[in-house]
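Undergrad: Structure below; questions to follow.
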Amino acid sequence: MTKSQEIAPYRMPAEWEPHASTWLAWPHRGSDWPGKMEPIPWVYAEIVRALTRHETVNLIVPDDIRHAAATDALTRAGADISRVKLWEKPTDRSWVRDSGPIFVRDSAGGRVALDWHFNAWAKYPDWLQDDSLPAFVAESLGVKSVQPVRDGHRIVLEGGSIDVNGAGLLLTTEECLLSKTQERNPPFSRADYEAVFAEYLGVQKVLWLDRGIVGDDTHGHVDDLARFVNSRTVVTVVENDPSDENYQPLQENLERLGGMTDVHGTKLEVIPLPMPRPLIFEGTRLPASYANFYIANGTVIVPTFNDPADRLALGILADVFADREVVGISCVDLVWGFGTLHCMTQQEIATR
């Protein structure tokens, strides 16, 4: 451990550590789900219903009309409205995992909202309203906001591109952070990212995987690929069909994980998760993955795809999270927006 890592001012808690709430943004952009927008609010309502059994949901709505529509949908779906707080703010899209703040603790245990720069995955031109979301959340909560910088420039980072165990480890992919395609922070190197993660997230060791899954619009987010489920255990998706496009990349990642260790040099436990059969809509393969689950207080919500592998994935995660309720949420329609449950949620860590 280096001196800079020993005195890192911040620590990003693991997702399974206690939450004050979950933040979401009500879906309103029809072009994110072209031709399929009608069922999407009902998927969100089901997610909120599942989460409000265990924690508060902070829900961002763009205007009065969506405020009323969201309230009506949540009420009809049976969500616990007493545990939902609605906040009015325009957003470009609804993928709060990537546009929202990342909450960390400072050296005194207080909460800090990291305001990373968001540029719509270095792919789309409209992102200004989403980029202002972390500052809005921090101000609404009265939490200190910090904009991570390096060499005088704000750093672009999406929450879906990383996963942490809260004890010094971070998972990410070379495809997302080091590729010249959808390049977030040119000319950042591997060493640049590792220094940033040490300074702002308290990371002592970065575990670099290769590529993400086929169909991923973000170019390699790790939250569709491999996730920590405790401080030294990772679940990772594996494709069993050698003819599938995902087979070789996922085998490569599995092999890499098999040789990885924690900050003490102890080998990680690696648990394979199945992949659903290819999910194709209008000729487009969608990034359907069971790794895009979200861990909340007392529950884990897991995307399902009307696939035989649904029950296998739910069973594996139920064994891993024996102390939590594991709930499947049908995401056949939601994934047409190129993301599911983890992509749309962002945890707010508990006050202490």
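Undergrad: Can you name the number of the only condition in (1) of a type in the set (D, E, K, R); (2) under 14 Å from Met344 (Cα atoms); (3) surrounded by fewer than 19 Cβ atoms within 10 Å (Cβ to Cβ) that Glu17 fails?
TA: Answer for Glu17: the failing condition is (2).
Undergrad: Also: Going by what's in this entry, would Val43 be described as surrounded by 15 or more Cβ atoms within 10 Å (Cβ to Cβ), closer than 27 Å to Ser145 by Cβ and over 16 Å from the mean Cα position of the chain (by Cα)?
TA: no
Undergrad: Quick one: is Trp16 in a strand (DSSP E or B) and closer than 27 Å to Val234 by Cα?
TA: no
Undergrad: Now, a different point. Exactly one of these conditions fails for Leu74: (1) in contact with a strand residue (DSSP E or B) (Cβ under 9 Å, 6 or more places away or on another chain); (2) surrounded by fewer than 22 Cβ atoms within 10 Å (Cβ to Cβ). Give me its number.
TA: For Leu74, the exception is condition (2).
Undergrad: Can I ask one more? I need the full set of residues from the range 49-90 which are modelled with pLDDT of 95 or more and either in contact with a His (Cβ under 7 Å, 6 or more places away or on another chain) or among the polar types (S, T, N, Q) (or both), in order please.
TA: Thr52, Glu55, Thr56, Asn58, Val61, Thr71, Thr75, Ser82, Leu86, Glu88, listed by residue number.
Undergrad: With the condition being aliphatic (A, V, I, L, M), I'd like the strands (runs of 3 or more DSSP E) fully within the range 201-299 carrying at least 3 qualifying residues.
TA: 205-209, 233-238, 269-274
Undergrad: Going through Ala50, Ala45, Ala70 one at a time, which residue ends up being in a helix (DSSP H, G or I) and touching a Phe, Trp or Tyr at 6+ places or on another chain (Cβ under 6 Å)?
TA: Ala70
Undergrad: Looking only at the range 185-200, which residues are within 25 Å of Leu250 (Cα to Cα), assigned to a helix (DSSP H, G or I) and either touching a residue at least 12 places away in the same chain (Cβ under 8 Å) or not hydrophobic (A, V, I, L, M, F, W, C) (or both)?
TA: Arg190, Tyr193, Glu194, Phe197
Undergrad: Does the range 300-314 hold any residues that are at negative phi and outside any helix (DSSP H, G or I), and which are they?
TA: Val300, Ile301, Val302, Pro303, Thr304, Phe305, Asp307, Pro308
Undergrad: Can you name the residue in the range 324-334 that is aliphatic (A, V, I, L, M) and surrounded by fewer than 24 Cβ atoms within 10 Å (Cβ to Cβ) and is also farthest from Pro34 (Cα to Cα) among such residues?
TA: Val326
Undergrad: Looking at Ala296, is it among the small types (Gly, Ala, Ser) and either crowded, with 21+ Cβ neighbours inside 10 Å or touching a residue at least 24 places away in the same chain (Cβ under 8 Å) (or both)?
TA: yes
The values are calculated or read from the model by the stated rules, or taken from the named source; none is laboratory data. The shown structure was predicted, so the numbers you read here are calculated from the model rather than taken from an experiment. Please note: Cβ atoms are built from the backbone with ideal geometry, for glycine as well, and neighbour counts cover all protein chains shown.
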